[in-house]
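Below: the structure, in structure tokens.
The values are calculated or read from the model by the stated rules, or taken from the named source; none is laboratory data. Model, not experiment: these values are computed from the prediction. Every residue, glycine among them, receives a Cβ derived from its backbone with ideal geometry; neighbour counts consider all protein chains shown. Please note that ligands, DNA and RNA were not included when accessible areas were found on the heavy atoms of the full protein model with its side chains. Shrake-Rupley method; radii C 1.70, N 1.55, O 1.52, S 1.80 Å.
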Amino acid sequence: MENTVINNRYRVLRQIGSGGFGFTFLGEDLGFPHRPKCVIKHLRPQSRDAASLALAGELFQQEAETLYRLGRHPSIPALIAHFCERGEFFLVQEFIEGHTLDREFLGGKRYDQHELIQFLGQILEILSFVHGERVIHRDVKPANIIRRASEGSFALIDFGAVKQVNSAAGERSVAIGSHGYMPVEQMAGNPNFSSDLFALGLVGIEGLSGVKPLDIPKDPATLEFQWTTRAALSPDVREFVSRLVRRDARERFVSAKEALAALNSVAAHTGFFHGRRSTSIPAAPILIQTPVETPPTVIVSPTQRLMRPPIAGTAQVANDAGNRNLTRIVLGFGTVALLFLTLHFAGVGSRQSATVKGRAPAPDAQTQPAAEVSSVDVYNEALEQGREAQAKETVATTRFEWEEIANKYRRAYLLLSSVERDHPRFADAQPLIERFKQESERAREKSQRSPANGSGCKFSHFDLN
């Protein structure tokens, strides 16, 4: 599929991952002069029977719906677009420059107590938001956590296995997750919020010890993990992590919010906050120099503040060894990415043009002198995102369309937030940040009042040859 252009806009550059239902590609958005990177997911189930196609369609439709909603968090890749082409389903997400933790761990990186607390705190904050949206990730593992190249903070990716929490009693779901990171209730098709915490705890233990979950010995009587002798931790931290990975879900924290509150208390007792309020791990990661074999997501039949992003987007680079030396790219969430925007503009002078629907459109990005083009790409990309969102508003009627608009506005204000003080358009960018943010929230509110619609894909008509 390399060099293929889909939807007359997104060019496929190379494959960066694969799974049970399709492939993931690194791509570029031809809709912008700078051609920002993006991640393209292509649904292509391995099995061709009707049941597998129906399940694949359900999972990708669910992922689209959820990513539009979750995309407003700065550490979850926003969904840029979702569409059908020739009967096949595509998701386009924001891209994040960085590396996944499976590469970091296999490269020899081991966390100390301070680094572990930082890691757990950042992921628990993300999961608190996810759980607050009544969503269970179900596939937390090193390959689905990216450390940003720019600042070392973490992003949680690959929401293809998400489960909406339903109040229906006794409902069972298809068991989706990764061997070794799934607790017993998830393998039985009954995941809950604490299932994500179980997986996160095992990722933390792996970061401390370098031992994968399937290789951690268990107590023969209780079947609890015996891991505490493999790392030097204070009793409070050791007990906290042990509670995350209890075999019985009733003995874990109920949700990420509860776990995060407990972690804050533990961190205070260990002196974590004494002069070290950093938001990312300061130590340089150790990376392996060969491709990583990522444990695949499997399907089992049921019995803080807004980060200043790099100028790219947020999304997966999980299995692409060739991405180690990618240079700085254009961010679209923020992170791709993501994935996931009617304008009021102020202070832009004569560059304003006629209003649409009573709102002033973005300034014309093409009025910049040629000598400034390279230095104002970020600013101009933001304005292009705003224009696209504004144009889509004139025809938007459904929830998906308004969510896409909200994400475009969001990408715009995140881009503007990354404009540095020495940037030639810094002063122009500042008043627009809040405007785009307000427009994003307005569009998201409209999405909640708009009717939902399906993707329009006919999964029974997939061409899988």
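Quick notes on this structure:
- Accessible area per residue for segment 1-142 is 31 Å², calculated with a 1.4 Å probe on protein heavy atoms, without ligands, DNA or RNA.
- Karplus-derived 3J(HN,Hα), 6.51/-1.76/1.60, for each residue of segment 389-401, Hz, glycine and proline x: 4, 5, 5, 5, 4, 5, 10, 5, 9, 10, 4, 4, 5
- Sorting the segments 108-117, 6-15, 227-236 by their residues' average number of neighbouring beta-carbon atoms within 10 angstrom, most packed first, yields 108-117, 6-15, 227-236.
- Computed FRET value (nearest 0.05) for Cys84 with Ala50, which takes r as the C-beta separation and R₀ as 25 Å: 0.90
- Nonlocal amide H pairs with Phe89, under 5 Å, H built at 1.01 Å: Leu43
- Among 95-105, 417-427, the peptide with the highest mean count of other Cβ atoms within 10 Å heads the list, and the full ranking is 95-105, 417-427.
- His423-Ala261 pseudo-label distance in nm [points 7 Å out on the Cα-to-Cβ vector]: 3.8
- Residue pairs exceeding 23 angstrom between C-alpha atoms, taken from Lys109/Lys212; Lys41/Lys109; Lys392/Lys437: Lys41/Lys109.
- Solvent-accessible area assigned to carbon and sulfur over segment 79-123 amounts to 50 percent, based on a 1.4 Å probe.
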